[in-house]
Structure formats: C-alpha cells, structure tokens
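Shown next, in structure tokens, is the structure this report addresses.
Every number here is computed from the coordinates shown, using simple stated rules; none is lab data. Please read these numbers as outputs of a predicted model, since none were measured by experiment. Please note: Cβ atoms are built from the backbone with ideal geometry, for glycine as well, and neighbour counts cover all protein chains shown.
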Amino acid sequence: MDVCLIQVPYMAGDDRHEAAAGPQRMLAAGAVDVFTGRGADVRVERVGRHDPFADTASSSGQVNRRLAAVVRRTVDAGAVPVALASSCTASMGVVGGFDHAKCGVVWLDAHADFNTPESTVSGFFPGMSVAVLTGHCYRNYWAQIGDSTPVPEEAVALFGVRDISPTAERWRLERSRMAVVEWRDGQPLTDPVAVLDGLAEHVADVYVHVDLDAFAPEIAPGVVDRPVPGGLSRDDARAIIAATGKRFRIRAATLATYTPALDRDGETLRTGLDVLQAIGDALVDTPTA
C-alpha cells in the first residue's frame, strides 16, 4: 500500500484563515506514522497557490487545479491520495484528479453542503461542495480543475447531517436521490451499514470525505464552522469507515477543516488522527481493483 499525504493549507483558497494551519499540525502530530505503522510507503506533498488571494472561487480554483494534478500523479503511480485540507472545497480537486465515472462518495459532515448559488443565503462556497460534485452547479468551473464528470446522486451517501440551511437546501436534499443519514442527539436516524449496503448496489469504488464538524463538539471543537451538537463519536466514524473499507475500494480520501486555534486540549487533533487511523485500517481491508 502506497499513500500520498497531500497538504492543502487553504480555507477555500485563502491561506490567511486559521484553518490553514491544520494540515501541517496534523503532520507534526504523526499523520505519516499512522500509515507507515500499517505497512504503507508514504510520500508527503504540499499544494501551493503561488498567486495572491483574489476571491474565494478563483483562489479555490487555483489551489484545486494544482491539487488535481498531484492526485492524478499519485493515482497513476498506484498510490492512494489522502488530502489534509482546510476546506471541503478540496473535494473538487481530489475527485477531479482521477477518473471517477464509476466512483461513489461517502461523506461525513454536519452539513449537507448541497446548496447552490440559487439556494444559498450566505454565499458560503464550501457549502456547495456536494452540489458541485453531483453536477448541480459550477460545472464549467469544475471542468477547469479536472475531470468534472458528475457523481450520480444515488452513488452518494451523507453521514452525520444535522444542520441544513436554508429551507431551500432541505427541499433540495429531500428531492435528491442521495442517501442521507441524519444525526440527532448523538445517534443516527438511519442504519449507516444498511445505507452502505445500498450504496454498494451502485458502485464498487468510493471517495471518502470527512469534515471534522461531523463529530460532537466535545471531541471536535476546533473546526471551521460553529460546532453543531449531537454529532458522531469517534467509534461511530471508525465503524462507518471500517464498513466502507470492507465494501468498497477506497480511491481517495480527505480530512478537512481542522482549525488548531479553536481546538481545546488537543481533542480535535486526536479525533483527526483517529480518523486517519480508521482510513489506514480501511485501506488495508479495501478490495483490490
């Protein structure tokens, strides 16, 4: 097993945001050792923007074009790209970096990230990430980053969702064909394993995306968005990722939004490392092509 850990220290293209420190902090805490301890050969790369920050969309595009190029080289070399990212927008670069025509998405997040420019009231670009991947908006924009083949909605499963805004996003989500496992008071409202079994009827490969705000604030206070009560435990996430590894070939993964300045006693860092450990274990178990 070969792994490339890719630092993406930009919050939607902006390296001035507090979350930009997250990827390096995760590496310093032993992210490489997590994978070498599981028998992986690990390479570390860092994506740079090079140009001054202009605005969220254009700067994110610059970062993601470079990220997609690293992912493409990594996949062509037979390794698995694992992005340590400051924003969920990195998903566009990771997924855009390889042929994902037959690849689904397993997405852990407190938010659905399914807004479009028409439905959003905040204009928050990372909150449109899943909508971009499924072809609902910014298709020409994504095409400038890499492979912009939309992921079919039935090939997407969301876990941990509990903060959906505005009402228009709820309306869009309910009318989509995505599987959504909402979380309430620390418990799933639908059986996650059953949802993964259903997803396996559509795809054999997946991209795994973990936004640390999927977790309960007690174990992940250091995230970009305001933490949302009632989220996943570490055991919950480990179980979902383990079940994913047994059912699918994991093509790539992202761990996003760690913000060290907002962490308390290293709890979010420990949660992030636990996620990486779960991904490492799942890669050992994941079916081969």
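Of the GluC sites (Glu not before Pro) found in region 194-289, the ones in coil according to DSSP and having at most 13 other Cβ atoms within 10 Å of their Cβ are Glu201. Working note: Karplus 6.51/-1.76/1.60 with θ = phi - 60° gives region 46-57 the couplings 10, 8, x, 8, 6, 8, x, 5, 9, 7, 4, 5 Hz, where Gly and Pro are set to x.
The alpha-carbon atoms of region 53-92 define a convex hull whose volume equals 61 cubic angstrom per residue. From largest to smallest, the equivalent ellipsoid semi-axes obtained for the chain from the alpha-carbon gyration tensor read 23, 22, 20 Å.
Shown is the FRET efficiency for Arg170 and His202, computed with R0 = 22 Å from the Cβ-Cβ distance and rounded to the nearest 0.05: 0.40. Cβ-to-Cβ counts within 10 Å put His209, His100, His50 in ascending order as His50, His100, His209, the fewest first.
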